[in-house]
Ligand SMILES: [Zn+2]
């Protein structure tokens with residue numbers, strides 16, 4: 001289901017801005033300001049291209065949101081998958097890189 005999102009509307013005011021809800025804080029925000037995590041055949045991963053196939057969920061590039069998302073069941077609910085300590089650990093690692101800090 002790939003759609004060509006870009007067209008040459010130029011300065012048109014009817015630009016559609018994709019919105020997604022952060023699974024950490026539940027706030028809807030611009031898709032491009034959120035980090036996508038995706039359920040892939042290798043487990044749950046951070047989708048850095050935003051184009052990886054699979055069920056995805058979105059988290060702000062904020063420590064608080066990752067904390068909440070990873071502490072609770074948000075990720076498993078959003079992706080409809082059981083995630084284990086290893087997945088959480090891996091996602092935390094990705095988030096640390098993205099956020100540029102340890103946590
Ligand atoms: Zn958030």
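Some observations on this one:
- Residues in segment 67-85 that are touching a strand residue (DSSP E or B) at 6+ places or on another chain (Cβ under 8 Å) and over 9 Å from residue 57 (Cβ atoms) were compared, and the one that is surrounded by the most Cβ atoms within 10 Å (Cβ to Cβ) is 83.
- Subset of segment 14-54 [closer than 16 Å to residue 73 by Cα and part of a loop (DSSP other than H, G, I, E, B)]: 23, 24, 25, 26
- Of all the numbered requirements in (1) within 27 Å of residue 16 (Cα to Cα); (2) within 13 Å of the ligand (Cβ to nearest atom); (3) surrounded by 14 or more Cβ atoms within 10 Å (Cβ to Cβ), residue 30 misses one, and that requirement is (3).
No value in this document is a laboratory result; all are computed from the given coordinates. All of these numbers come straight from a predicted model, not from anything done at the bench. Backbone-built Cβ (ideal geometry, glycine too); neighbour counts: all protein chains shown.
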